[in-house]
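K.L.:
I'd like to ask you about the structure that follows.
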Amino acid sequence: MSFSDFDAIYEDEQLDDLEHFQDQTVMPVPEPIIIRGAGNMTVFGLSNRFNVEFPCGLLSRVAPEEFKATIGRINGILKKTLPLNVKWLFCGCVCCCCTLGCSLWPVICLSKRTQLTLDKLLEWENSHLYHKLGLHWRLHKQQCDSNSMMEYVILIEFIPKTPIYRPD
């Protein structure tokens with residue numbers, strides 16, 4: 001052993017690998033909860049209401065009253081906007097041959113506006129309540145189970161907890 005190796009610090013490789021493995025472990029996150037449209041009318045994949053039944057996966061995470069209030073606000077937006085979208089869709093279909101399809105643009109724009117309004121509402125709900133509870137709500141487009149059409153659903157994702165007691 002030379003004089004230059006006297007102050008050198010050697011680490012045990014097995015201990016270093018164990019610490020690296022502990023840093024990489026992540027708490028398991030439950031599967032997202034999907035809330036499907038429960039209305040009798042669907043325009044461009046967006047149903048006219050969502051079911052207010054409390055999913056069992058949110059038990060002990062959210063109060064049923066808070067869940068119903070959020071779904072109630074979503075259904076309120078859909079109740080105001082979708083009847084107008086249906087009227088424009090009907091007018092657009094009647095005039096479609098004369099306008100070469102351009103008469104459908106208003107209903108497409110109104111549908112996008114409804115989606116953006118719902119996205120803004122869910123972002124507000126997330127920032128004021130659900131992110132604090134470890135949840136993230138969003139409007140998500142997915143394929144229907146029964147056919148090849150697309151539908152919008154509410155997806156409630158669980159945010160993984162950050163281990164605050166682990167040193168940096």
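A quick yes/no check of all residues on (1) open to solvent by 70 Å² or more (accessible area, probe 1.4 Å); (2) closer than 16 Å to Trp137 by Cα; (3) modelled with pLDDT of 90 or more:
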| site | (1), (2), (3) |
| --- | --- |
| Ser4 | yes, no, no |
| Ile9 | yes, no, no |
| Phe21 | yes, no, no |
| Thr25 | yes, no, no |
| Pro30 | no, yes, no |
| Phe50 | no, yes, yes |
| Pro64 | no, yes, yes |
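K.L.:
Would you confirm whether or not segment 153-166 contains a residue that is loosely packed, with under 15 Cβ neighbours inside 10 Å, in a strand (DSSP E or B) and among the hydrophobic types (A, V, I, L, M, F, W, C)?
P.N.:
The answer is no; no qualifying residue exists.
K.L.:
Further, regarding this structure: Thr70 - would you say it is more than 22 Å from Asp145 (Cβ to Cβ), at pLDDT 85 or above and among the hydroxyl-bearing types (Ser, Thr, Tyr)?
P.N.:
For Thr70, the condition - more than 22 Å from Asp145 (Cβ to Cβ), at pLDDT 85 or above and among the hydroxyl-bearing types (Ser, Thr, Tyr) - is met.
K.L.:
In addition: Report the residue count in segment 127-165 for those that are touching a residue at least 60 places away in the same chain (Cβ under 8 Å) and among the basic types (Lys, Arg).
P.N.:
So the answer is 2.
K.L.:
Looking at (1) assigned to a helix (DSSP H, G or I); (2) under 20 Å from Phe50 (Cα atoms), find the lone condition where Ile108 falls short.
P.N.:
Against the list (1) assigned to a helix (DSSP H, G or I); (2) under 20 Å from Phe50 (Cα atoms), Ile108 comes up short only on (2).
K.L.:
Would you mind telling me which numbered condition in (1) modelled with pLDDT of 95 or more; (2) part of a loop (DSSP other than H, G, I, E, B); (3) not aromatic (Phe, Trp, Tyr) Ser60 fails?
P.N.:
Single failed check for Ser60: (1).
K.L.:
Let me ask another. Residues to consider are Leu84, Leu78; find the one that is buried (at least 18 other Cβ atoms within 10 Å of the Cβ) and touching a residue at least 24 places away in the same chain (Cβ under 8 Å).
P.N.:
Leu78
K.L.:
In the list Leu139, Leu129, Leu122, which residue meets the criterion of being part of a helix (DSSP H, G or I) and within 14 Å of Leu78 (Cβ to Cβ)?
P.N.:
Sole residue among the options that is part of a helix (DSSP H, G or I) and within 14 Å of Leu78 (Cβ to Cβ): Leu122.
The values are calculated or read from the model by the stated rules, or taken from the named source; none is laboratory data. The structure presented is a predicted model; accordingly, all values stated were derived computationally and were not measured. Cβ atoms come from the backbone with ideal geometry, glycine included; neighbour counts cover every protein chain shown. Please note that ligands, DNA and RNA were not included when accessible areas were found on the heavy atoms of the full protein model with its side chains. Shrake-Rupley method; radii C 1.70, N 1.55, O 1.52, S 1.80 Å.
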